[in-house]
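What follows is a single structure, written as structure tokens, with notes after it.
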């Protein structure tokens, strides 16, 4: 038997979000019912609510940075009990059988992962995300939030945190590695924190020096404005790894020129427009232009434990649910330091 819960939804593409109710399934054998305490606002929420990445499923309840408390568990649940502090990220199911699911890389499931929102579940029903009071999730797609992390500061880690942790880990950022983060926003600020904690030398590449003081406080060793053409001359051949967090198209040739031989430029931001590239930018220097998408469940838990160990919560601005539409416009204007988080009690 389904239960209706309060939520904020976009009734149609590009429409303002408004308070409504959405159905949640009954708690199944391996499900947990989570009372959502906080939900982060990710730029991808805006892309999807405004059909920037293709036609969406409406009404749409965005939100895949979810932190809350378990209030009920199914009869077969073994990993959680009522009262546990938990999180839910960008997906709530996958095929569980393909080679990638078996490796703990559920985000690359060959059948396609089931998004926390704007997707269809196994029964063909729409999924609704974290801008709501409660959510029912399979225990195998739920992670534990360590006590050392405040729930409001932990919520953005379920997307922003893992989105940066995964490529930093995969490309082995650490002592002796020179890492650049392009963009100091919701994603980028976590990239700086995590790369610094991993022991890498960290540089921020931002359009201006407006956030330089913040970047250095967050752990950056260097900070440069990409609007200054001398930056690209000065930093040519400097970096082992560059992670781009921005959603606007870049001059990829210019950024690839900043890499050492065998360096990698990894994109975690997802521009809506296609890009063009002169392949000599990668041929010269045996460079890699790559992408990375969030992380699997095990790696997400690893990231949360790492952040707890190093005291790495997100820098947040807590808002009420009736401020979501205003927050969207402020995200687009880069007017947030560095992640809006919705207090679900206001929903």
* When you look at residue 92, is it surrounded by 21 or more Cβ atoms within 10 Å (Cβ to Cβ) and in contact (Cβ under 8 Å) with a residue 24 or more places away in the chain, yes or no? -> yes
* **Of residues in the stretch 57-76 being farther than 24 Å from residue 9 by Cα and in contact with a strand residue (DSSP E or B) (Cβ under 6 Å, 6 or more places away or on another chain), the one surrounded by the most Cβ atoms within 10 Å (Cβ to Cβ)** => 73
* If residue 176 satisfies every condition in (1) at positive phi; (2) part of a helix (DSSP H, G or I) but one, which is the exception? -> (2)
* Kindly indicate the residue of the stretch 179-198 that is outside any strand (DSSP E or B) and in contact with a strand residue (DSSP E or B) (Cβ under 6 Å, 6 or more places away or on another chain) and also surrounded by the fewest Cβ atoms within 10 Å (Cβ to Cβ) among those meeting that condition. => 196
* Asked: How do the strands (runs of 3 or more DSSP E) wholly within the stretch 5-105 filter down when requiring 1 or more residues that are at pLDDT 95 or above, assigned by TED's automatic domain parsing to the domain that holds residue 340 and under 21 Å from the mean Cα position of the chain (by Cα): which remain?
  -> 31-40, 66-73, 85-88, 91-93
* Only listed residue being surrounded by fewer than 20 Cβ atoms within 10 Å (Cβ to Cβ) and over 30 Å from residue 290 (Cβ atoms), chosen from 97, 125 -> 125
* Asked: How many residues, within the stretch 325-335, are closer than 15 Å to residue 159 by Cβ and in a loop (DSSP other than H, G, I, E, B)?
  -> 0
* To do: Would you point out which residue out of 201, 213 is farther than 21 Å from residue 159 by Cβ, surrounded by fewer than 21 Cβ atoms within 10 Å (Cβ to Cβ) and out of contact with any strand residue (DSSP E or B) (no Cβ under 6 Å at 6 or more places or on another chain)?
  => 213
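So which of 314, 327, 321 ends up being assigned by TED's automatic domain parsing to the domain that holds residue 137, in contact with a strand residue (DSSP E or B) (Cβ under 6 Å, 6 or more places away or on another chain) and under 26 Å from residue 113 (Cα atoms)?
Values: 327 fails: under 26 Å from residue 113 (Cα atoms); 321 fails: under 26 Å from residue 113 (Cα atoms).
Going through 314, 327, 321 in turn, just one is assigned by TED's automatic domain parsing to the domain that holds residue 137, in contact with a strand residue (DSSP E or B) (Cβ under 6 Å, 6 or more places away or on another chain) and under 26 Å from residue 113 (Cα atoms): 314.
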* **Checking residue 301 against (1) modelled with pLDDT of 95 or more; (2) surrounded by 13 or more Cβ atoms within 10 Å (Cβ to Cβ); (3) in contact with a helix residue (DSSP H, G or I) (Cβ under 9 Å, 6 or more places away or on another chain); (4) in the same structural domain as residue 20 (by TED's automatic domain parsing), the condition it does not meet** => (3)
* To do: Could you check the stretch 214-324 for helices (runs of 4 or more DSSP H) lying wholly inside it with 1 or more residues that are within 30 Å of residue 103 (Cβ to Cβ)?
  => 252-256, 280-283, 297-310
* Asked: Of the residues that make up the stretch 242-250, is at least one surrounded by 14 or more Cβ atoms within 10 Å (Cβ to Cβ), within 18 Å of residue 168 (Cα to Cα), at pLDDT below 95 and within 25 Å of the chain's Cα centre (by Cα)?
  -> yes
* What do you reckon, is residue 342 within 22 Å of residue 135 (Cβ to Cβ), in the same structural domain as residue 104 (by TED's automatic domain parsing) and assigned to a helix (DSSP H, G or I)? -> no
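The values are calculated or read from the model by the stated rules, or taken from the named source; none is laboratory data. Computed from a predicted model, the values in this text were never measured in an experiment. Using ideal geometry, Cβ is built from the backbone for each residue, glycine included, and neighbour counts are taken over all protein chains shown.
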